[in-house]
1. So what's the projected area for region 292-414, the Cα convex hull averaged over all directions, in nm²?
2. Dipole magnitude of region 100-225 about its Cα centre, charges +1 at Lys/Arg Cβ and -1 at Asp/Glu Cβ only, in debye to the nearest 20?
3. Report the local net charge at ASP360: Lys and Arg +1, Asp and Glu -1, summed over other residues whose C-beta lies under 15 Å from its C-beta.
4. Can you give the net charge of the other residues whose Cβ lies under 15 Å from the Cβ of ILE148, counting K and R as +1 and D and E as -1?
5. Just to check, using Stokes-Einstein with a Kirkwood Rh over alpha carbon pairs, what's the diffusion coefficient of the chain at 10 °C and 1.306 mPa s in µm²/s?
6. Give me the base-10 log of I(q)/I(0) for region 181-258 at each q in 0.14, 0.23, 0.24, 0.26 Å⁻¹, Debye formula, one uniform scatterer per Cα, rounded to two decimals.
7. As a test of the definition: which semi-axes, in Å, follow for region 108-179 when you take the square root of five times each eigenvalue of its alpha carbon gyration tensor? Largest first, please.
8. Please state, to two decimals, what the Cα-based radius of gyration of region 159-290 comes to when divided by 2.2 N^0.38 Å (N = residues).
Amino acid sequence: METVTAISPTYDVKKIREFFPVLNREVNNQLLVYFDNAATSQKPQVVIDALSYYYSNYNANIHRGIHTLAEEATAAYEATRNTVKGFINATSSEEIIFTRGTTEGINLVAYTWGRKNIKAGDEIIISTMEHHSNIVPWQILCEEKNAILKVIPINDVGELLMDEYKKLLSSKTKLVSIVHVSNALGTINPVKEIIEAAHAAGALVLVDGAQSTVHLDIDVQKMDCDFFAFSGHKVYGPTGVGVLYGKRDILEQMPVFMGGGEMIKEVTFAKTTYANLPYKYEAGTPNIAGTIALKVALDFVKETGKKLTRNHENDLLRYATEQMESIPGLRIIGNAKNKVSLISFVIKNIHPQDMGVLLDNQGIAVRTGHHCTQPLMNRFGIPGTVRASFAMYNTKEEVERLILGINKSIKMLS
């Protein structure tokens, strides 16, 4: 199967758009403008082809078969693990655990490391801007263990109050679980500084990389996080596949997550012994096709060039921000100095859902609501926002359509 070739030494968004077939479709009789990339990114044709190629040519279960199809499927599956290792700069492919997504990765840590290590009176720190997936698992654990969940506050522009964070740290702190990039604000958190302070207090750190992996260069060794989780579908890959990275010595000491096939060495009715890393945490038949296609997606991102892509996305962010700031009654929620290409906003006297419906009528896809960050919305005293999030294939002309669409919708609702 052919893979994508390097696109260009310079950024050619028109060329990039040719790789994404969905961008050719119409919605409500208008060419689609897709600005819901923080929820899920669209897929290049090479990723779609990789899914089809697996099912058409070597569909088989992995690891245990000795026939040709099984060996081909296993080789392709494990090739993704090696690609992920390089993509995030892990020390070993054994530190790469395949999951269904970021949510499962966080829950895996909560239910294994957390249940083994968290005791009554211990403290876990998260932040005000966390996704529900990085709140609820820790609440469940704290309730079960009679531990304490502490929350880092933020300022009015959507940045962590780092002095307050450092005051929360103590000998009772066992884990800091922090989002790298906010899905609702776009804020890029200073994770290296957060990790250094947590380690100095004797705590481990989990980084939620669901939103950062597609935009930022990820180096888990340089970052020195203990865990890092991300989802394939936000990095132009398939849904239903994700990654949990963990430092090897920590993973080896953690109990198993789910029991079943693949995660065992030997089973008797008297006792079961478990497989080595990473298979210890990969029970059952995984999303084989999705995992294989994830490699193609990560290769696509790498060959496009993250630096070139981010420069393009930042240009869109600056342009959209300037245009939105001139719209009467519109307020941007989240104005951090360091942020990715995402804008959340509210408009005076207009419910976000109404704006979302009217934009969809014009062929413009945005996200509306609380974005699974209800505590963050409460912090700003709002029910939700309209969120426009930009990807490698979006254009200045699409931003202009968004601005026109907002102004048209305001007139219709006023």
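What follows is calculated from the coordinates using simple rules that are stated; it is not laboratory data. What you are looking at is a predicted structure, and each value in this text was computed from that prediction instead of being measured. Here Cβ is always computed from backbone atoms with ideal geometry, including for glycine, and neighbour counts include all displayed protein chains.
1. Working: hull surface 35.0 nm².
Here the figure is 8.8 nm², rounded to one decimal.
2. On the way: 12 positive and 16 negative charges, 107 e Å.
Charge dipole of region 100-225: 520 debye, to the nearest 20.
3. Details: positive: ARG25, ARG367, ARG387, ARG401, LYS408; negative: GLU26, ASP36, ASP354, GLU398.
Around ASP360, the charge tally is +1.
4. Details: positive: LYS119, LYS145, LYS150, LYS167, LYS172, LYS174; negative: ASP122, GLU123, GLU143, GLU144.
Result for the neighbourhood of ILE148: +2.
5. Working: Rh = 22.4 Å.
The diffusion coefficient I find is 71 µm²/s.
6. -0.51, -1.17, -1.22, -1.31
7. Ellipsoid half-lengths, sorted descending, are 22, 14, 9 Å.
8. Values: Rg = 17.3 Å, N = 132, 2.2 N^0.38 = 14.1 Å.
The value comes to 1.23.
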